[in-house]
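Taking it in order: structure first as structure tokens, then the write-up.
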């Protein structure tokens, strides 16, 4: 696909090679446990979200990889998923890595090594978005802060929709949150950006956050999703399934949501479709 082709969603974000260790339970501080299996698979929040969005709409990824063997696998994985990758930056050094522990309950714990992702700059983002001219820009917070700022600035200057998944949490300027339409968070992230304190009622947290963002989507795992706009706050239930592996479920939700929004689906309907996709995803056995 040529970069001049129409693009619905541009994902600005990271690519990591995920190193997954299966354990019976999470180790306590200072404890050594024997792992059950070890595997590698392409990941990174940007890469995961781009693949999810590409399942719904025409999608490109703006990110960076190194010059190692992992980079070849990461690029090939995006190509296989029909993601436009002409705007990937190739840096010298290792590609990003994520060390992931997954326990028998399907819960995970993750440590990310930035690697080549740190080489992505605001200039790369601006040039990439200028060339792609997407309808929607989706980003997260694994990339350097100036990358996020560049994505916000481009969408504002070009009157395009900006979607922010502010993970991992960090302090953000008010104008970044104010641009988000929607701001996509899990419950812990929502509490952080709402000002801390006890978790409380997610619908009340959503009401507080929608005073700062254009719209808000809070994912609650098996408890569903809360969708908030200035005019409406609603809760969407999800099918109850046994979670096998929750790794990447939030990214799949965000990318799927962005893809449906790019196709003109209303926010609440897009959130329901993304929830159904994420529910099926966590119940699906994956290679270890």
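The values are calculated or read from the model by the stated rules, or taken from the named source; none is laboratory data. Bear in mind the structure is a predicted one, so any value in this text is a computation, not a measurement. Backbone-built Cβ (ideal geometry, glycine too); neighbour counts: all protein chains shown.
Summary table
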item: Test set (1) surrounded by fewer than 21 Cβ atoms within 10 Å (Cβ to Cβ); (2) touching a strand residue (DSSP E or B) at 6+ places or on another chain (Cβ under 6 Å); (3) over 30 Å from residue 21 (Cβ atoms) - residue 113 fails condition number; result: (3)
item: Segments classed as helices (runs of 4 or more DSSP H), wholly inside the range 94-191, with at least 2 members that are in contact (Cβ under 8 Å) with a residue 40 or more places away in the chain and within 16 Å of the chain's Cα centre (by Cα); result: 145-158
item: Residue 153 within 27 Å of residue 65 (Cα to Cα), at pLDDT 95 or above and in contact with a strand residue (DSSP E or B) (Cβ under 6 Å, 6 or more places away or on another chain); result: no
item: Candidates 60, 53 - the one that is assigned to a helix (DSSP H, G or I) and buried (at least 23 other Cβ atoms within 10 Å of the Cβ); result: 53
item: Failed item, numbered, when residue 81 is tested on (1) within 18 Å of the chain's Cα centre (by Cα); (2) under 24 Å from residue 145 (Cα atoms); result: (2)
